Amino acid sequence: MTAITAGRANTSAGLSSFGLEDGPVVVTALAQSPPVPETLHVLSTFDEVRTATETVAASGQRLISIMTPDLEPEIFDQPALLEVIKRFVLGHSFAKVRVLMRDQARLGNGANRFVAMAHRLTSYLEIRIRAAQYRDLTAAYCIADDRAIVYRPRADRPDGLAGFNNPKVARQYLQEFDSVWLASAPEEREVRIARR
């Protein structure tokens, strides 16, 4: 309990001080924490992006939306995040994770653990390849419900922002995500891959 309290006291010091080393502590700390103010945190390393993504995903109650070029392994193929996603889909009624990818190369090779989990949890995780007109989008983001977001304007760089309670920013990008999602209805081949 002392570690959680100390972690809360240091939250404003920056992303590196969120005390997120343990997955279960993240969930416990989030459940007991007072509402987070609508601030944005600057991200400059992939470690910060990974930690912020875990925090955003752990805060989700019903929907997580992920825009990524290729399910970046340094972020989405990590045990801590995979555990957060698994707890989210198995612990919430009607939970859904939607993923929009630019390429389908990672869907078929079986090397990515996120994709392997999607194959096992097809009722909760859906992966779509972005429609042709959206394949050149450079941004990457993860949105929990319509409240928390990790956003990077360029997926190949760690520079970005995280808002753990920023509905205004989260809803703006969720609206963009929904437009791309609807335009990227799964083709028959993609559905077969996802349901193998």
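Things worth noting here:
- Members of the stretch 41-61 that are touching a helix residue (DSSP H, G or I) at 6+ places or on another chain (Cβ under 7 Å) and either under 24 Å from LEU137 (Cα atoms) or open to solvent by 60 Å² or more (accessible area, probe 1.4 Å) (or both): HIS41, LEU43, PHE46, GLU48, VAL49, ARG50, THR51, ALA52, THR53, GLU54, ALA57
- Residues in the stretch 147-162 that are touching a residue at least 40 places away in the same chain (Cβ under 8 Å) and under 25 Å from ARG62 (Cβ atoms): ARG147, ALA148, ILE149, VAL150, ARG152, GLY160, LEU161, ALA162.
- Candidate set: the stretch 120-155, residues that are touching a Leu at 6+ places or on another chain (Cβ under 6 Å) and assigned to a loop (DSSP other than H, G, I, E, B); chosen: the one farthest from LYS86 (Cα to Cα): ARG130
- Taken over the stretch 142-169, residues that are open to solvent by 50 Å² or more (accessible area, probe 1.4 Å) and hydrophobic (A, V, I, L, M, F, W, C) amount to 1.
- Pairs where the first residue, in the stretch 62-73, is within 15 Å of ARG50 (Cα to Cα) and open to solvent by less than 10 Å² (accessible area, probe 1.4 Å) and the second is in a loop (DSSP other than H, G, I, E, B) and at pLDDT 90 or above, C-beta under 6 Å, 6+ apart: none
- Residues satisfying the stated conditions in the stretch 37-63, i.e. touching an Asp or Glu at 6+ places or on another chain (Cβ under 8 Å), among the aliphatic types (A, V, I, L, M) and over 16 Å from GLY160 (Cβ atoms): LEU63
- Residue within the stretch 6-25 that is at pLDDT below 80, under 15 Å from the mean Cα position of the chain (by Cα) and not in a loop (DSSP other than H, G, I, E, B) present: yes
- Close Cβ contacts (under 8 Å, 6 or more residues apart or on different chains) running from residues in the stretch 180-193 that are open to solvent by 40 Å² or more (accessible area, probe 1.4 Å) to residues that are of a type outside the set (D, E, K, R) and at pLDDT below 50 comprise PRO186/ALA194.
- For first residues located in the stretch 93-106 and at pLDDT below 80, partners that are hydrophobic (A, V, I, L, M, F, W, C) and lie 6+ apart or on another chain with Cβ distances below 9 Å form the pairs ASP103/ILE129; GLN104/ILE127; GLN104/ILE129; GLN104/ILE193; ARG106/LEU71; ARG106/PHE114; ARG106/VAL115.
The values are calculated or read from the model by the stated rules, or taken from the named source; none is laboratory data. This is a predicted model, so every value here is computed, not measured. Cβ coordinates were reconstructed from backbone atoms using ideal geometry, including for glycine residues, and neighbour counts include every protein chain displayed. Note: areas computed on protein heavy atoms with side chains; ligands, DNA, RNA excluded. Shrake-Rupley method; radii C 1.70, N 1.55, O 1.52, S 1.80 Å.
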